[in-house]
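As structure tokens, the structure follows; a few thoughts come after it.
The values are calculated or read from the model by the stated rules, or taken from the named source; none is laboratory data. Keep in mind that this is a model prediction, so the values were computed, not measured. Counting neighbours? That spans all protein chains shown, and the Cβs are built from the backbone with ideal geometry, glycine included.
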Amino acid sequence: MLTGLNSLTTLPMVLHLTAGKIHRNRSSSLSFTHILHSRYRTKQDLADYSAHPDHLSVVRTSVLPICDDLLAVDWVAENLDGPTGVKPGSAIRVQLIKLKEGVEEEKKGEVVEMIGRLKGRISGIEQSSVGVNFSPARAKGFEVCSIGVFGGVSDLDSHDADSDPSNEKHKVRDSVDSLAIVDYVVPSPSSQSASL
């Protein structure tokens, strides 16, 4: 499965793609074991990737036969800073937020803004992006998504040790139903093939 997914980096619309085992799942509500992280220039490029015969073949032959469950979130990374790709050895933290039923668009915007402001306060973070998921059918109710890319696991662990519980998250807590956090380490190309 991982070999097939990682082979899709050759498709012309893919800016970045990596797939591998989750390093740490911090969410008891999700039991996922693997992650695919990919980036595209436009929503149309993502749609073209999703419909591409090579992608469909990998999904049909290697993913669906062995996966119990799938979750996918997609958002426009207008605020992505840093390079488009993510270097091997980087530690990625993905946060998925499910808002309470009936939360107004204004409150959703406040959640996105709050997460966006955190980047400047987090040491060791190299890239960050936050947005509203535009693929709700595949997202199990998660609406707000963010990704933070750290230099490595030690930078991510240092961030966790330095986290200040009194930060501004309390301002949006009443809008949040649940939060899922997953950490992933981008494997080197040689370890992706060697681990299979």
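When residues in the range 117-157 are screened for being touching a residue at least 60 places away in the same chain (Cβ under 8 Å) and among the charged types (D, E, K, R), 3 of them pass.
Candidates are the residues of the range 16-53 that are in contact with a strand residue (DSSP E or B) (Cβ under 7 Å, 6 or more places away or on another chain) and farther than 20 Å from VAL185 by Cβ; the one that is modelled with the lowest pLDDT is SER29. Being more than 20 Å from VAL130 (Cβ to Cβ), of a type outside the set (Lys, Arg) and in contact (Cβ under 8 Å) with a residue 24 or more places away in the chain is true of LEU2. One residue alone among SER31, SER38 is within 17 Å of the chain's Cα centre (by Cα) and surrounded by fewer than 16 Cβ atoms within 10 Å (Cβ to Cβ), and that residue is SER31.
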